[in-house]
Amino acid sequence: MAKRSLKAAERRLAWLLLMPAFAAVALLVAWPIYVVVQMSVRPGRSLALDQLMSQPLGLANYDRVLHQSTTWAAFLHSGVYTVGTLVPAFLFGLLAALLFNRAFPARRWLRSLLLLPWAVPGVIVSITFLWMLDASYGVVNSVLRRLGLLATDLAWFVDADTAMLAVIVPTVWKSFPFFTITILAALQAIPGELYEAAKVDGARAWQQFRFVTWPGVKRPAMLAVLLNALWTFREFDIIYASTGGGPAGATETLGILVYREAFGSFRFGTAAAIGVLMLATATVLVLVSMRRLKDEFR
Amino acid sequence: MKTTKSWLRVLAIAAIALAAPLAHAQMTLEFPTWQAEEPGVSTWWKELIAAYEAKNPGVKVNIQQVPFAQFVKQMTVRFAAGSPPDIVHLPSRDFASFADQGWLEPLDDRLKATDIAATWPPLQSEMSWNGKTQGVLLMGYGGILFYNDKMLKDAKVALPRTPDEWLAAMKATTDAPKGQFGLATITAEHPNMVVEMASWVIGSGADWLKGGKYNFTDPAVVKAVDGWRQSVGYAPKGTNSATARQLFIDGKVAFLRDGPWVWGAVEKAPADVRPNLRIAGLPFPVTPGGASNSLHLAAKTDAKKKDAAWNFIQMAASPEWQHRYALTGSPAPRKGVVTAADIGAKPQLKTVNDEAAKARNLFPEVQAVRANYNDFATLVTKAAMKMISTQEPTAKALADLQAELEKQVPLR
């Protein structure tokens, strides 16, 4: 009896101590999601939020969003942008981590420099690359022409064929340090004896990577890929600051479309509906990934 | 008892100490604008604010710079959040969409006590929405041709007087490998992309809104837009309005089509470039222009702040401050403020005021388009960027644009 009442008391204490965290999550996460979902089911064009919330419930916003071609184009652009960023960022991050796992002069301060792209605000990254990739005065065009790889200057951000690549490049530059840091931490946890044993067994470099390195970094790498995928999927500042979603919608991802619907077209309800669809997509992505991650972490 | 009395004494002293500063509390008027750092007009604003504050002790005007490309969106957020600025400065093209939301205060009663109705140009009527005047026009203008005289002389071309001559002059002055271009214009996603295209259309005497209907498939409109498209071929790609102006001021481009407000920046050009920079009227049969920007009051602000903000607007509209405004290089709306002596001292004022006087409004006047200007501008900009970045024929691009506009911005 005494044991039971002690356990109950402990449970009550545990809940009490968790209350502040629950309150914070409710205020900062649950309440904004509730407001967004509410806005998404209130058809109407008013920008006064109190007027919008008093509109009758309806699904007209979802009907509009699902029937407009710009929504599906934005989904496609978001997918291309996310995958187009993740793959090179992961590969560069992995290569950099493998490099920095070796001993060489000035390794420590070079590792610190490596973090800089991750620390630079997205808008500054956009401005920098806008100048580097400028069609008329940019250094990239100049170098490519001198190397004989370009006959005429390319308008990287203005040409619909190159604009998506032009926004992916700065995003990769900003993203890869996160993979490097995560994978490097995992690499340093792999015991050196495993490599020695592999060498004794005659394993080549690629075999060492496949059977020693990769199993050691796989779990944190997968988690890093999932997190980065979610961040990239909702990315806004790099694209908005460099192309604004153009030219002619060529780089209009879902994040840009939400902004344009809300503050360009004054349709908060439609913007909220797109936001809910983004949330649903991200949730599905996380649920599918979590099953795989659970297996890995068992 | 003694303790209670002591506490009461402390509370009383604290209340007096707090009340004293509150009694003398300053009223601060929030005034966001894109012109707070614009050469020429920013000096006028700061001098006006200083004079207003001297005349109204206890009132402070907090001018805040917001870049033009983000200005309307930021104001939209502020109004939607119920936190509008006290002095509302808007690009006039966006006035109707704000008025349509009920965000702006009707000014008819306030205007009765002024001479604005008698002394302002006909463009002041653009400030009317649903039968109520909701703003005071601050500038109506005619488009200006800025040109680098040295570049024209080096290329042996005369100042153009027709669109074809202009295109030929742009071609003659372009040497892209050397970083020299015939024209600096907007070639990136920017709110003023519509103005660039509309200037060619209205300037040629055509109109893409005719008889209350969209008219983008009119051959005259297609021809005018083709002219604009050709001109973009002589301009650096990826430029917004700020970059375009900077390229002109740096002496890298021969021509810039813009508003008279750029003159303030031209006066700050490097010493070796400045003597070559001139202005003239645009080489179009019709001068495109319109209402540029205007001042308003927010409907939902404190009554005292509204009165104080209105006093500020009245001061800006006074003959003394309108004269000073005209001397910045932009045409003041108040009639007759520019004297012969002013023109003698600043000859460019004659061109600026002549063009403003004969300008035809390039912004849509159809109510449905004005109320949904952002949607209209977004679709037009999209079509313009398609024409800049692909080889799609102009007629098809404009036909697609018209179909899209008829669906998204139907004309009531």
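Elements of the type helices (runs of 4 or more DSSP H) sitting completely within the range A:91-189 and holding at least 2 residues that are within 14 Å of chain B (Cβ to nearest Cβ) and not aromatic (F, W, Y): these cover A:122-132, A:139-146, A:163-188. Only one of the numbered conditions (1) surrounded by 23 or more Cβ atoms within 10 Å (Cβ to Cβ); (2) within 30 Å of A:F100 (Cβ to Cβ); (3) more than 16 Å from the chain's Cα centre (by Cα) is violated by A:R210, and that is (1). With respect to the conditions (1) farther than 30 Å from B:W120 by Cβ; (2) touching a residue at least 40 places away in the same chain (Cβ under 8 Å), B:I279 lacks only one, and its number is (1).
Could you list, in sequence order, all residues of the range A:266-286 that are away from chain B (no Cβ under 11 Å) and under 24 Å from B:R370 (Cα atoms)? Listed by number, the residues that qualify are A:G269, A:T270, A:A271. Given the structure, is B:R360 basic (K, R), surrounded by 19 or more Cβ atoms within 10 Å (Cβ to Cβ) and more than 14 Å from chain A (Cβ to nearest Cβ)? So B:R360 does not fit the description; no. Listed here are the helices (runs of 4 or more DSSP H) enclosed by the range B:326-389 that have at least 1 residues being in contact with a Lys or Arg (Cβ under 6 Å, 6 or more places away or on another chain): B:340-345, B:367-371, B:373-389. Looking only at the range B:79-97, residues that are out of contact with any Gly (no Cβ under 9 Å at 6 or more places or on another chain) and surrounded by 18 or more Cβ atoms within 10 Å (Cβ to Cβ) come to 11 in all.
When the range B:112-136 is examined, which residues are found to be touching a residue at least 24 places away in the same chain (Cβ under 8 Å) and either assigned to a helix (DSSP H, G or I) or aliphatic (A, V, I, L, M) (or both)?
B:I116, B:T119, B:L123, B:Q124, B:E126, B:M127, B:V136
Checked against (1) buried (at least 19 other Cβ atoms within 10 Å of the Cβ); (2) under 19 Å from A:L165 (Cα atoms); (3) away from chain B (no Cβ under 14 Å), A:Y240 passes all but a single condition, namely (3). If you scan the range A:248-265, which residues turn out to be more than 7 Å from chain B (Cβ to nearest Cβ) and in contact (Cβ under 8 Å) with a residue 40 or more places away in the chain? Within the range A:248-265, A:A250, A:T251, A:E252, A:T253, A:L254, A:G255, A:I256, A:L257 qualify. Of note, B:Q64 satisfies the criterion of being part of a strand (DSSP E or B) and within 22 Å of B:M139 (Cβ to Cβ).
Restricted to the range A:1-84, the set of helices (runs of 4 or more DSSP H) holding at least 2 residues that are within 30 Å of B:F98 (Cα to Cα) comprises A:31-40, A:49-53, A:60-67. Can you confirm whether A:A135 is of a type in the set (G, A, S) and either within 22 Å of the chain's Cα centre (by Cα) or farther than 27 Å from A:F236 by Cβ (or both)? Against the criterion (of a type in the set (G, A, S) and either within 22 Å of the chain's Cα centre (by Cα) or farther than 27 Å from A:F236 by Cβ (or both)), A:A135 does not qualify. Is there a residue in the range B:54-68 that is in contact with a Pro (Cβ under 9 Å, 6 or more places away or on another chain) and modelled with pLDDT under 95? For the range B:54-68, residues in contact with a Pro (Cβ under 9 Å, 6 or more places away or on another chain) and modelled with pLDDT under 95: present. You will find that of B:V262, B:V225, B:V286, B:V221, the residue that is in a loop (DSSP other than H, G, I, E, B) and more than 14 Å from chain A (Cβ to nearest Cβ) is B:V286 and no other. Residue pairs whose Cβ atoms lie under 6 Å apart, sitting 6 or more positions apart in sequence or on different chains, and linking a residue in the range B:322-335 that is among the acidic types (D, E) to a partner that is modelled with pLDDT under 95, do not occur here.
The values are calculated or read from the model by the stated rules, or taken from the named source; none is laboratory data. Only a predicted model underlies this, so the values are computations on that prediction, with no experimental measurement involved. All Cβ positions, glycine included, derive from the backbone under ideal geometry; neighbour counts span all protein chains shown.
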